[in-house]
Amino acid sequence: MAARRSSMRTSLRELPARVVHPCHETHHHALTLTAARILPSGDLVGACGLQDWHGIPLSGDAVPDLPGQFFGLAEDGEWLAAWPTGQVVPWPRYTEVGDNHGGAKNHLQGFQRLRAPGYAVVSGGDPNEPMAHLFVLRLSSRGQNPIWGSNLLLGSHPPDEDRLVTRIDLHGTLWHGGGMALLGDILAVPIENSDGGGSRIEFLCCTNPEHPTAIPCGIDRGAAKAGAVAMARLPDGRILVAVWSDSELQSPKKHLDLYVSETDCLMDGRWEGPFCYTHEVDAIPKFQTIALLWDLDDRGQRTDLYLIGFENCADLAPNADGPHEGRLYHVVLPAEAGGAGSTLELTQVGEAKQFHCSSDFSDMDAATGIHVCADGTLVIYCAHHFLRETDPGKRKYVMRFEEFASSTPNPGPIAAIEEARVVLFDLKGFGGDRLTLFGASAARVDDLDLLLVRGKPFSQRISSISCQLPRGFVLAVHREPGFRGNSPLVIPGTGDPVLVADLADHGFTDLARSCRIVASGVARQWGDAKWVHA
């Protein structure tokens, strides 16, 4: 989908080379996070050394056809959940129960899927302890899948192996951990005191997700707040950090601050900045999460820089009605921040992208995050403010969140079976209820009648299919549970999307009960199979 650039532009005012918000006091280089603890092990967070730095990948800040992928994101997400443990999230923190002051101010704040397969990190703020927290989430059931897909197809309980495994206690005074950013294995975490002001940006290396190490390049922001942070590499290799604040205790309440590393290595802890912009962001709404991403052209070359922000426009959150929005801005950086512009220019592209956040599963005023898969696919994750009860009255709680991926198959071709995507529709022409399956293991369904889609039973009837498999594999759709029945329908993989708009055109009408991905050679032994010729 080609995006139309809107004529709406923020106020573009010539600024001096460096403008500092009144909340910014003296700028200090932060020390290593030696005091933070990793729980339940109790170990102190170790320091990342110079020898470690050279092995850290710096990736995930560039997306092929970024505007097209952004506006092509599914409006309805896939449901996921993970079990907390008593040591990682001690009861009753991060719930709405009375023992936790009804959840006042204590809720999840940021979400960032990590590069390591199956891992994510969630930030939270607890003014009662007080402490800014990081929770490491391990979804073992997702395996190597680039897109996770739902782990709640069989009920409201996630698999036992999908759980929060580590808590990191970051800071007691700066107790609010906000919207995070990831560049390769480098995690940037904004922490602030929402009541009295003051903030820092801390950096962690997450190559080992369950035992991250601190990078000694933190940014002390004086009395200014820090609600969300974004990162991207500049063409010369230096790292650009953008910090968003929209709730300052003094005017102006909103400002975007830019920092640039002095070299392409963060181990020396030296930053240029802050370059603070206020009038330029007057027209931007409050954001819980921001991201900086480069667009890639057809040759894989970086072209334009974009900023993405997410919010729930409701007056009070959590509110499932929203509206939940994402906004895309074209960015021209000022010269002092490594760009060619005379000042910062932000131009909104198209209209706000709307998302449907499910009640008790997600809210874009809480933990939202942007992930770029290894194949360049853009994915959005969004969690709910609080742990949610799965079995009323039994104090059985899970952390719930949603995954918003592209609503259309990858442009392809794909070569790995982990990248397989199968979408089953109960109406012809790709209409009605939709069941999305990612990877070979997820696409093996013994009985379609037992699956849930967003908490409701999926119809056993399949009338159309969108299928993308690598060559050498096929999707086999069977008429009976357990992969039984005569004349299965076989859709061969080509690497590119294969669309079957009406299964009746192939003599297969509303009878599907199970499906699986198998090698082409296996399917060729079925003499009565009906093959779809792509």
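The values are calculated or read from the model by the stated rules, or taken from the named source; none is laboratory data. Keep in mind that this is a model prediction, so the values were computed, not measured. Quick reminder, even Gly has a Cβ in these numbers, built from the backbone with ideal geometry, and neighbours come from all protein chains shown.
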Looking for something surrounded by 15 or more Cβ atoms within 10 Å (Cβ to Cβ), farther than 16 Å from VAL398 by Cα and not polar (S, T, N, Q) - is there at least one such residue anywhere in region 134-141?
yes
The residue that is surrounded by the fewest Cβ atoms within 10 Å (Cβ to Cβ), considering only those in region 452-478 that are within 17 Å of GLY429 (Cα to Cα) and among the hydrophobic types (A, V, I, L, M, F, W, C), is ILE465
Is there any pair with a first residue in region 58-70 that is surrounded by fewer than 19 Cβ atoms within 10 Å (Cβ to Cβ) and a second that is of a type in the set (Gly, Ala, Ser) whose Cβ atoms are under 8 Å apart and which are 6 or more apart or on different chains, and what are they?
LEU58/GLY184; SER59/GLY184; PRO64/GLY300; PRO64/GLY376; GLY68/ALA2; GLY68/ALA3
Does GLY46 qualify as being over 30 Å from LEU296 (Cα atoms) and in contact with a Phe, Trp or Tyr (Cβ under 7 Å, 6 or more places away or on another chain)?
no
Output for Cβ contacts, cut-off 9 Å, separation at least six or different chains, first residue under 10 Å from ASP65 (Cα atoms) in region 290-306, second surrounded by fewer than 20 Cβ atoms within 10 Å (Cβ to Cβ) and of a type in the set (Ser, Thr, Tyr), reads TRP294/THR303; ASP295/THR303; LEU296/THR303; ASP297/THR303
Strands (runs of 3 or more DSSP E) wholly in region 392-465 with at least 1 residues that are assigned by TED's automatic domain parsing to the domain that holds SER520 and polar (S, T, N, Q) - which ones?
431-438
Going through region 337-354 in order, the residues found to be under 27 Å from the mean Cα position of the chain (by Cα), in a strand (DSSP E or B) and not hydroxyl-bearing (Ser, Thr, Tyr) are GLU345, LEU346, GLN348, VAL349, GLY350, GLU351, ALA352, LYS353, GLN354
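Residues checked against (1) farther than 20 Å from ALA405 by Cα; (2) aromatic (Phe, Trp, Tyr); (3) in contact with a helix residue (DSSP H, G or I) (Cβ under 6 Å, 6 or more places away or on another chain):
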residue: GLU418; (1), (2), (3): no, no, yes
residue: LEU424; (1), (2), (3): no, no, no
residue: LEU427; (1), (2), (3): yes, no, no
residue: ASP447; (1), (2), (3): yes, no, no
residue: GLU480; (1), (2), (3): yes, no, no
residue: THR494; (1), (2), (3): yes, no, no
Right, PRO481: more than 29 Å from the chain's Cα centre (by Cα), modelled with pLDDT under 95 and not basic (Lys, Arg) or not?
yes
Filtering region 167-188 down to residues that are over 25 Å from LEU50 (Cα atoms) and either under 17 Å from the mean Cα position of the chain (by Cα) or not charged (D, E, K, R) (or both) yields GLY172, THR173, LEU174, TRP175, HIS176, GLY177, GLY178, GLY179
